[in-house]
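Contents: one structure, followed by commentary.
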Amino acid sequence: MLTITRNRILLTTCLIISLFAGLDCLAQLDPERRNLIELGYDQPLAGQGPQAVYAYYYYNNPEFVRTNVVLRLAVAPVYLDGELGFKQLISRYTDVGIGFSGGLYGDEYYEVRQGKYLKRESFDGHDGDISLSIYQLLDPGMLIPLNLVARGGFRYSAYEHDGTTDDAFETPGTQPMAYTRVGLRFAGKEPVLYPDLGLEMSVWYQRQWRFDDGEDSYGYAGDRQLSPATGLYWAYAGMNYTWTNSGQKVSFAVTAGGSTDPDRLNAWRLGGVLPLVSEFPLIIPGYYYEELTAKKFVHLYAAYEVPLDPKHLFKFKVEGASANVGYLPGYEQPDRWQSGAGCALTFAPPKKNFQIVVRYGYGFNALRHGEDGAQSVGLLFQYDFGAAKKSE
């Protein structure tokens, strides 16, 4: 992991690393009351990779002040992301949300090429964001909702050297940016650690424009460029299902995405195992966090979980992921297919107020010193204040 000062480690550990920000915002107003703490950490067993951590408090109140007002917050010591939602503001089936986010280190950039983490070409980024979203229910009266989502917003990012950036490396200039996003979401998934039940099929398109004041190059003597406009598009289908009597659970997901005119800062990034690092995590066990940089991809994930005791307190999970990657130029690797597998041991008490997960991953095609193969271990934790209150 990145070797930096103790204070910096504590700050970075407490960030929301891309969680619910920009591209990964929740795509509808959350109708459930939630009061959660989420922690995640992943450590490579060999080599140094980017920071793979998150720590945040998640709060959602579907009746904030009034019954038609929803407040969602994700809070860390140096970052805040939230949305104030208004149910049925335009019509009976049309909700509106005002999103806001900002703080330190939310736009950190890690340069990883061919399995090498280049700390001297990585840098800090701080950001602020405001957006307006419209959520339109398209199938009133149906058991499974189909929502049209439209969002527009402005984002401002400022970059600077961290403690290891090369003095000769010039960071990008400040980046004001406008963006729009539109999507169709059928059903949805909960923003919690490994939900027992879930189903979602969705398609999305996002367009973003930079207003860079002429600062369109950075790096060593301006050797890398920023794209003035980038399009991102993707489709997702996933399911979680748990058999109540046996406690066995199966999960799978397919994500396919592409882009037009991407640059290093906004291209697709794949790798790592943290499940709540974004709304659509492109995890590959054993790999560094965001190790692979892609223009387009197809990502496959599957997992199977079985209880180890009659009360289902302990569970054992096996998982695997594979991606066919169309690399951004300069990030090519010998194999287009990148695959990893892993396992995890989970404990949850009868009250279900918390979960602890210890996990291991192996990346079959992850390049390390010119050879394939990499390992990582990690820890996940979730505490649900709502479940604790119900059990009293």
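Bear in mind that the values in this text are calculations on the coordinates, not laboratory data. Note that this is a predicted model, so its numbers are computed, not measured. Heads up, the Cβs are rebuilt from the backbone with ideal geometry, glycines too, and the neighbour counts pull from every protein chain shown.
Table for the structure above
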| read-out | value |
| --- | --- |
| Residues in region 272-296 that a label on residue 114 would reach, taking backbone N under 20 Å of a point 7 Å out along Cα→Cβ | 287-295 |
| Separation between Cα centres of region 285-348 and region 179-225, rounded to whole Å | 20 Å |
| Residue-span extension gain [residue 148 to residue 161] - 0.36 nm each, minus C-alpha spacing | 0.7 nm |
| Option label - semi-axes √(5λ) of the Cα gyration tensor in Å computed here, alternatives [x] 39, 24, 21; [y] 31, 27, 20; [z] 36, 26, 20 | [y] |
| In Å, descending, principal axis extents of the Cα set of region 176-313 | 64, 32, 23 |
| Whole-number percent relative contact order across region 6-390, with pairs defined as alpha carbons under 8 Å at least 6 apart | 14 percent |
| Cross-link table 87/189; 189/352; 249/296, entries beyond 22 Å C-alpha to C-alpha | 249/296 |
| Cα-based equivalent ellipsoid of region 138-241: semi-axis lengths in Å, sorted from largest, via gyration tensor | 38, 18, 11 |
| Largest to smallest principal axis extent of the C-alpha atoms in region 305-369, angstrom | 50, 22, 19 |
| Longest DSSP-loop-exposure-free segment, trypsin sites (Lys or Arg not before Pro), the chain, at most 15 other Cβ within 10 Å | 93-310 |
| Calculated [θ] (222 nm, deg cm²/dmol) that DSSP helices of n ≥ 4 give over the chain, each run adding -39,500 (n - 2.57) | -1000 deg cm²/dmol |
